[in-house]
Amino acid sequence: MTIWANCRGAGGTARLIDKIDAVAVGNVVDEDSDAVLAREARDDRQQFVKLYDRYVDRIERYVLARTGRTSAVDDLVSATFMRALINIHTFHHRRGTFAGWLFAIARNIVSDHQRALRRLSGSEPADQIDSRPGPEMTTLRNEEAAAVRAALLRPTPDQREALALRYTGELAFAEVGQAMGKSEAAAKMLVQRGVQALRRQLEET
């Protein structure tokens with residue numbers, strides 16, 4: 001169960017903040033192992049499958065938290081890993097971790113998707129999160145993502161992005177920065193200010 005479980009409703013933000021306070025972010029992933037697999041995946045797709053298995057759940061949670069629509073998740077997750085496979089030769093461990101590199105791809109995929117939706121609808125501002133649950137949002141992972149999106153209405157777009165990467169993607173601050181094209185210090189500041197915004201939201205309810 002992820003940190004977002006059971007965070008819906010009036011007390012959802014409070015429970016969410018409690019979980020943020022308590023969570024020890026950072027899956028126990030061997031970065032050297034990631035780097036080796038990524039290097040070998042250039043010539044052996046079975047090695048890429050191992051990376052897929054290692055990260056697919058975290059990418060799904062992140063994409064669902066960003067979009068709130070299960071109908072789009074599978075396509076966006078598939079697009080993320082397809083782009084990663086095509087560009088695996090561009091990954092270099094000296095520039096950052098594989099997780100940070102992969103989530104940067106996921107972030108771009110989701111952003112492209114949201115821009116396309118805005119062009120079609122012509123009505124949703126670029127920094128607005130649609131908190132309405134889709135009709136399919138009945139499974140546990142959908143409930144968790146709905147809780148994330150409902151709680152993230154208060155922070156700024158960059159703060160929301162940093163929080164989603166940190167707590168649904170389970171990235172370290174340096175990896176959040178890598179995914180967003182920012183420094184580790186800037187990423188940490190965005191997360192801290194996002195949490196402060198959540199606390200203010202809680203105090204006002």
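Whenever a residue of region 87-101 is among the hydroxyl-bearing types (S, T, Y), its partners that are assigned to a loop (DSSP other than H, G, I, E, B), lying with C-beta atoms within less than 9 angstrom and at least six residues away or across chains, give the pairs T97/V29; T97/L171; T97/A172.
With under 15 Å from the mean Cα position of the chain (by Cα) and modelled with pLDDT under 95 as the only criterion, which of R61, R118 stands out? Don't jump to the end; show me each part of the working.
On the way: R118 fails: under 15 Å from the mean Cα position of the chain (by Cα).
Answer to the check: R61.
Annotation note: Cβ proximity below 8 Å between a residue of region 155-182 that is free of Cβ contacts under 8 Å to residues at least 12 places away in the same chain and at positive phi and a residue that is surrounded by fewer than 23 Cβ atoms within 10 Å (Cβ to Cβ) and among the aliphatic types (A, V, I, L, M) (sequence gap 6+ or interchain) occurs for no pair. Evaluate the following for L85: is it touching a His at 6+ places or on another chain (Cβ under 8 Å) and either surrounded by 15 or more Cβ atoms within 10 Å (Cβ to Cβ) or not acidic (D, E) (or both)? No, not satisfied. Could you list, in sequence order, all residues of region 39-58 that are basic (K, R), over 14 Å from F98 (Cα atoms) and within 12 Å of the chain's Cα centre (by Cα)? Hits for region 39-58: nothing passes. Filtering region 62-84 to residues that are of a type in the set (D, E, K, R), in contact (Cβ under 8 Å) with a residue 60 or more places away in the chain and either closer than 14 Å to Y52 by Cβ or not in a helix (DSSP H, G or I) (or both) leaves only R69.
Taking helices (runs of 4 or more DSSP H) that do not extend beyond region 146-205, which have at least 2 residues that are at pLDDT below 90?
Working: elements: 157-167, 173-180, 184-204.
The qualifying helices (runs of 4 or more DSSP H) are 157-167, 184-204.
The values are calculated or read from the model by the stated rules, or taken from the named source; none is laboratory data. Since the model is a prediction, treat every value here as computed from it, not as a measurement. As a convention, Cβ positions derive from the backbone with ideal geometry for all residues, glycine included, and neighbour counts pool all protein chains shown.
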